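One structure below.
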Amino acid sequence: MTDTLFASDLAHLSRREFLRWLGRGALGLFALPFLDPYARRERLNHPPDGTAVSRVRCVDDHVAVYDRPSFSATLRQVYWRDLVFEVDEVVIGDEQPSHNRVWYHLKGKGFAHSGKLQPVEVCLNPPAASVPPTGWLAEVTVPYTDTLRDLNRPDRPGYRLYYSTVHWVQKVLKDGEGAVWYQLWDDKFKRVYYARAEHLHLLKPEEIAPLAEAVPPEAKRIEVWLKDQLVIAYENDEPVLITRAATGGKFIDGDYSTPQGRYLTNRKRPSRHMASGDLAAPNSYDLPGVPWVCYLTESGISFHGTYWHNDFGKPRSHGCINLSPAAACWIYRWTHPAVPFDQVTWWEDTGTSVVVRG
């Protein structure tokens, strides 16, 4: 059996057989053909010349590199947050950690566990001349880009925005040297900041258009398996997507486990600045541009894309269902209701059925 499960394979697997397959060394992220289980490339990762260059960004202040793909191997070096490296090999490492055995070989450095490395690419984009008054969705296509709070004050930095995050562009502006910047709207703190235009791709409506529209809404459903940290989407009881997740966990300041139950994906946002708590306290967070949010509860539990870790397969969120940006975008497009392209948020009485199981 290969490391990718196709719908035809899944139809003949029992839950026991599937979990046995998973234990044979399954990757930290696996899914049906729309996701590459090895390279983990997201949409828009390929430079205009068609080449495919794999890079990763350190998402932690302590990223250890070893001479073999094992935490018991010889430590070579420790790197820190936001350093970017080329990857020339992806391998399955030791039996532990069992939930994610994927390691990256950093070119010329050694092996690092994938959980602290975000797959990224460098893709520069031609700046737009303008955007509609309603704004336009844009996705960051470089490892990170630093924003300004005031275009005329380079000494006033704003947020650092990361690869695969999604933001609303309000205006197109030029600085005193003629460089093009996008004015972005912060939906959490209700203010603007500015990002280099070539670092963001203005999404086309067809890139986030609804999927499987011919399938009746009542024939679609999603199951979340908390014990196994899996999300499975079904059409007419046939699985069409399986992907790893990271659901709510238990921390020093409380139990944030994702609650079991039945829900609907009836409130959605393509982008959300998520922040909570005293940012100096443990387990607080401040995350602009969280992409492809499908809410399940009024308290904010949702499916959404995740760029601050790559360690799917174990509980580690504040209640939400963390997914790779590509998997989250697929669920956002596939579930009901469909969100009009120019809408910041969308709500309807009905949505796709979701069952969260223990």
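The values are calculated or read from the model by the stated rules, or taken from the named source; none is laboratory data. Not measured: the values here are computed from a predicted model. All Cβ positions, glycine included, derive from the backbone under ideal geometry; neighbour counts span all protein chains shown. Only protein heavy atoms, including side chains, enter the accessible area calculation; ligands, DNA and RNA are left aside. Shrake-Rupley method; radii C 1.70, N 1.55, O 1.52, S 1.80 Å.
Kindly indicate whether Ile301 is in contact with a Gly (Cβ under 6 Å, 6 or more places away or on another chain), in contact (Cβ under 8 Å) with a residue 12 or more places away in the chain, under 25 Å from Pro210 (Cα atoms) and crowded, with 18+ Cβ neighbours inside 10 Å. Yes. In this structure, is Pro97 under 25 Å from the mean Cα position of the chain (by Cα) and either in contact (Cβ under 8 Å) with a residue 60 or more places away in the chain or under 30 Å from Arg269 (Cβ atoms) (or both)? For Pro97, the condition - under 25 Å from the mean Cα position of the chain (by Cα) and either in contact (Cβ under 8 Å) with a residue 60 or more places away in the chain or under 30 Å from Arg269 (Cβ atoms) (or both) - is met. For the range 52-82, a residue qualifies if it is among the β-branched types (Val, Ile, Thr) and open to solvent by less than 20 Å² (accessible area, probe 1.4 Å), and the qualifying residues are Val56, Val59, Val63, Val65. Counting only residues that are in a loop (DSSP other than H, G, I, E, B) and of a type outside the set (A, V, I, L, M, F, W, C), the range 165-195 holds 8 of them. From Pro216, Pro210, grab the single residue that is over 22 Å from Ser130 (Cα atoms) and over 22 Å from the mean Cα position of the chain (by Cα). After applying the criteria, what remains is Pro216. When Ala281, Ala275 are checked against the criterion of being more than 20 Å from Gln343 (Cα to Cα), open to solvent by less than 30 Å² (accessible area, probe 1.4 Å) and either part of a strand (DSSP E or B) or modelled with pLDDT under 95 (or both), Ala275 stands alone in meeting it. A search for C-beta distances below 8 Å between a residue of the range 336-358 that is free of Cβ contacts under 8 Å to residues at least 40 places away in the same chain and any residue that is outside any loop (DSSP other than H, G, I, E, B) and open to solvent by 70 Å² or more (accessible area, probe 1.4 Å), counting only pairs 6+ apart in sequence or on different chains, returns Pro340/Trp346.
Of all the residues in the range 135-154, those that are under 28 Å from Phe85 (Cα atoms) and in a loop (DSSP other than H, G, I, E, B) number 4.
If you check Val293, Val344 for being under 20 Å from the mean Cα position of the chain (by Cα), in a loop (DSSP other than H, G, I, E, B) and of a type outside the set (Lys, Arg), only one passes: Val344.
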